[in-house]
Amino acid sequence: MTETTERTRIERYDPTEIEPRWQARWEELGLHRTDLGDESRPRYYLLTMYDYPSGDLHIGHWYVKTPTDAIGRFHRMRGENVFMPIGFDAFGLPAENAAIKNKVHPFAWTMKNIENMRRQLRTMGAAFDWDAEVVTADPSYYRWNQWLFLRLLEMGLAYRAKAPVDWCPNDGTLAREQVEGTDRRCWRCGERVEKRDLDQWWLRTTAYADELLDFSSIEWPEPIRLMQTNWIGRSEGAEIVFETAPDDHQPGGDELRVFTTRPDTLFGATFMVLAPEHELVAKLTAPEHRSEVEAYVAAARRETEIERLSTDREKTGVALGADAINPVNGERIPIWIADYVLAGYGTGAIMAVPAHDERDYAFAEQFGLEIRKVVAAPGTEDVLLHGAYVAHATGEVLVNSGAYTGQGADEGGRAIVAKLADSGKAEPKVTYRLRDWLFSRQRYWGTPIPVVYCERDGIVPVPEDQLPVRLPETVDYRGSGDNPLSRDEAFLATTCPRCDGPARRETDTMDTFIDSSWYWFRYLSPNADDRPVDGPLVDRWTPVQQYTGGAEHAVMHLLYSRFFTKAMADAGLVSHREPFLRLFNQGQILGADGERMSKSRGNVQDPDELVAHYGADTVRLFLMFMGPWDQGGQWNSSGIGGVHRFLNRIWTLVLDPAGKEPGDPDSGELPEGEDDAAAEATIRSAAHRTLVTVTRDYDAFHFNTMIARLMELTNLLMRYRGSVVAGSAAWEEAIRLLLLMLAPAAPHITEELWSRRLALAGTPRSSIHAERWPEVDTAAAAEATREVPVQVNGKVRDRVEVAASASEAEVEALVLGRDKIVAALAGRAPQRVIHAGGGRLVNIVVRD
RNA sequence: GCCGAGGUGGCGGAAUGGCAGACGCGGCCGACUUAAAAUCGGCUGCCCGCAAGGGCAUCAGGGUUCGAAUCCCUGCCUCGGCACCA
């Protein structure tokens, strides 16, 4: 029999057989169940964002989860007790919409999807601890949303109030961050959002505004921190009190408070602008302006329904026919209303300083109002303005500012505030862009808000022992507009817990972001039926060490979770104030067309198909190999064969080291100039050097280069396959290291090969995933010689091979004698010789 | 408009002050095969040259440096976030 036919007997690498077998086995062994009570090892809570059970896993889910799994497996091999739970964000609109469309109950639809996703998730071979699973639509979860809500209510962090809110005709009320784009569309359905005055439930996120700006105890990516910082939008300034001036139609004397970040420009205030919704508008409007003002206010109410093209459209507004008095100089200045002043920010009124604010400048130009320069950069005091001067130059001084003229702008501003403060006309003030979180929703498929409305006692919380307030199972959730729960008389009618009189239940449900604001705590005790979170476990296991997920949640989920953690800390439920110590945002996988993957575009890559063809290990590896994890990218499957071939080579290498490929010209020969000992040293050195970089790459989540290094090692071993050193101690060690290093990324093939090797060696079976991460042998990793590139004036002209231990003087002597260098120097004397990077390179500097 | 990330072969990308293009895809050539596939080996940035060798090259332009894809300045382009927040 020839070697060729012998070779054909080697079993083919067949992931479709191997992978389900090991997945079943791991589950049987409970390999991925975390003993939360194990204190013998350091704990590592690794969290990846749970998913909405839309029904289908797409490649994007794999892109987040499989590298995260590799991180978890790596940490486990490093001796840590890793907890990697998973669950489902199971409340939300798509279930309800699907229910309306297909006439299935949202619960049935959701649970069917979860079933399917559990199956798909298992095909990843990820080490999720399924025992910790939570499903937020389950009463055993959402009752604790209700419990937490009651606690927040007690603490004054939840409240009900009437305010102009964002309203989508399909989806009802929305949080501010759920309204997207200049033209203000609903983040879910894309419909135009309107403003409505409604009584709604709010969470007082603004109570933690300053603390939310402090990231000093967490390691989050700079872009996310910036986005949150900008979203919170802290502005320091002053509140200044203007008074209305008396005139024919009103007596004056009303306070008009404004917030400004530029009190130094107070002398430049030449008019005031109120938001159209401002409470004093009606009172201040002069009779001859009334019709015009009322028309403008009405138009502003419809504003969001009107085509809004861009933020730099023309300014509009109308004068009220009343004046205010500038407290700093007693000057009368006209009061206008305009929609560029927002009712919801600051005091809903501004002092307009056209000379030093672009918007005020545009408005003043539009309506011919006075523009008075009061701040000037040094030497520009007499220069005419051609636009608002807003820059902050050093040495700016006040001009046209009465007694303050000539003072530095900052110092003058402080002095003006201090002076006015004496008479109660000003106070330093900090204002935030952040608003409280509107979390009540007029939909069925969410957590019922546990309060009742009593005719006698008003709003009464449902007592704890009556939780959960369950969602009624049959309800007419079809149709739009009003709230489905309000159509269910049986749900609606109740008695007041306080007076036993007739009462009606709240029919709003909670925003699903409530569910995700604390779910990682619940993973630690998903079945506890007497408390939301387990104090001792929470103390031991949280904050989460590493969180992974998309950056699209920057100002929603990630900010809400920080808020909840702080609120829960203040409620005494947890002992720390930040949820996630380290955050990593992986990039997004786009469709082959460069667009977001979506069913409607038809550009969704189905992972099941790829798994059926190549196996999960190949898909995992390919996703990690594509590029840096935080970068994402356009889907293009054309390279996946290369990764699959890599796994095939490893398979061959391990199972058939002595094989000689038919047609391989070098097979069986050692590289020229290498004897057995040298070859073994080369192999050992390569394996240990690979271990150094691979360890570093796992730590830094640089999976693409990690895999490249393993490919290099594989390619190197491939050159020795069939030679006398194949099967040597060095070879065996390299194979062992290769499998261990690959195990976190490709768990199935490595487990299979590991078990076969153990069987061959007659050693008792054990999982590769229970092995310890190998130690580097630094002596073996060292190389005997190094190659030094030699530059002349920065251009590489030669390379020399020197002993690793060669001194700079030795290298220099050798280099200067080389033919190519002598030629390149062309008789010129070296002016300087630079030995760079600890002997990595030599640069000879000569002058022409 | 403001804030942020980025721009490197035909393609994904590597190198974050020291050999530009690791690794992979694709392509070309060869081995094996009746043949093809699979597999294995070699070559593959562009230009000049038979070759040895040389020149050019990291969006564009300038600067710092012995040395720049990397640092600085100016501009262009792509992607993400924000949307008149006083």
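The values are calculated or read from the model by the stated rules, or taken from the named source; none is laboratory data. It should be emphasised that the depicted structure is a prediction, and the values quoted were computed from it without experimental measurement. All Cβ positions, even for glycine, are placed from backbone atoms using ideal geometry, and neighbour counts span all protein chains on display. What goes into the accessible areas is simple: the full protein's heavy atoms, side chains included, and nothing from ligands, DNA or RNA. Shrake-Rupley method; radii C 1.70, N 1.55, O 1.52, S 1.80 Å.
Here are the numbers for this structure:
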| quantity | calculated |
| --- | --- |
| Dipole of the range A:607-780, positive end: most advanced residue of A:673, A:748, A:780 [Cβ charges, Cα centre] | A:748 |
| Set of aspartates and glutamates with alpha-carbon distance to residue A:429 below 18 Å, sequence-local pairs under 8 removed | A:210, A:211, A:236, A:239, A:255, A:264, A:410, A:411 |
| Sequence ranges A:225-238, A:570-583, ranked by mean other-Cβ count within 10 angstrom, highest first | A:570-583, A:225-238 |
| Heavy-atom surface of the range A:513-572, accessible at 1.4 Å and reported per residue (Å²) | 24 Å² |
| Extension gain, residue A:16 back to residue A:283 (0.36 nm per residue minus Cα-Cα distance, nm) | 88.4 nm |
| FRET efficiency, residue A:191 to residue A:493 (Cβ-Cβ, R0 51 Å, nearest 0.05) | 0.95 |
| Helix A:676-699 vs. chain A, principal-axis angle (Cα, 0 to 90°, nearest 10) | 10 degrees |
| Distance in nm between pseudo-label sites at residue A:500 and residue A:418 (7 Å out along the Cβ direction from Cα) | 6.6 nm |
| Ordering of A:590-603, A:267-280 by burial proxy (mean other Cβ atoms within 10 Å per residue, highest first) | A:267-280, A:590-603 |
| Förster radius 60 Å - calculated FRET efficiency between residue A:329 and residue A:781 (Cβ-Cβ, nearest 0.05) | 0.20 |
| Paramagnetic label zone (point 7 Å from Cα along Cα-to-C-beta, residue A:230; backbone N under 12 Å) in the range A:554-576 | A:555 |
| Surface share of carbon and sulfur [accessible, 1.4 angstrom probe, percent] for the range A:591-697 | 46 percent |
| Accessible area (Å², per residue) of the range A:234-432, counting only protein heavy atoms and a probe of 1.4 Å | 48 Å² |
| Theoretical gain in end-to-end length, residue A:675 to residue A:118 [0.36 nm per residue, Cα-Cα removed] | 195.1 nm |
| Burial order of peptide ranges A:339-350, A:189-200 (average beta-carbon count within 10 Å, highest first) | A:339-350, A:189-200 |
| In the range A:382-468, the GluC sites (Glu not before Pro) that fall in loop regions by DSSP, at most 15 other Cβ within 10 Å | A:455 |
| Gain on full stretching of the segment that runs from residue A:377 to residue A:215 - 0.36 nm per residue minus C-alpha separation | 54.8 nm |
| Cross-link pairs A:195/A:283; A:195/A:419; A:566/A:599 - those with Cα-Cα distance over 30 Å | A:195/A:419; A:566/A:599 |
| Whole-number D in µm² s⁻¹ for chain A, Kirkwood Cα-pair radius fed into Stokes-Einstein, 37 °C, 0.692 mPa s | 101 µm²/s |
| Debye, to nearest 20: dipole size of chain A, +1 on Lys, Arg Cβ, -1 on Asp, Glu Cβ | 980 debye |
| Average accessible area per residue (Å²) across the range A:784-845 - probe 1.4 Å, nucleic acids and ligands excluded | 60 Å² |
| FRET efficiency, 1/(1 + (r/R0)^6) with R0 56 Å, evaluated for residue A:527 and residue A:342 via beta carbons | 0.75 |
| Degrees between helix A:222-232 axis and first principal axis of chain A (Cα, 0 to 90, nearest 10) | 10 degrees |
| Leading residue at positive end of dipole, the range A:234-432 (Cβ point charges), from A:250, A:269, A:420 | A:420 |
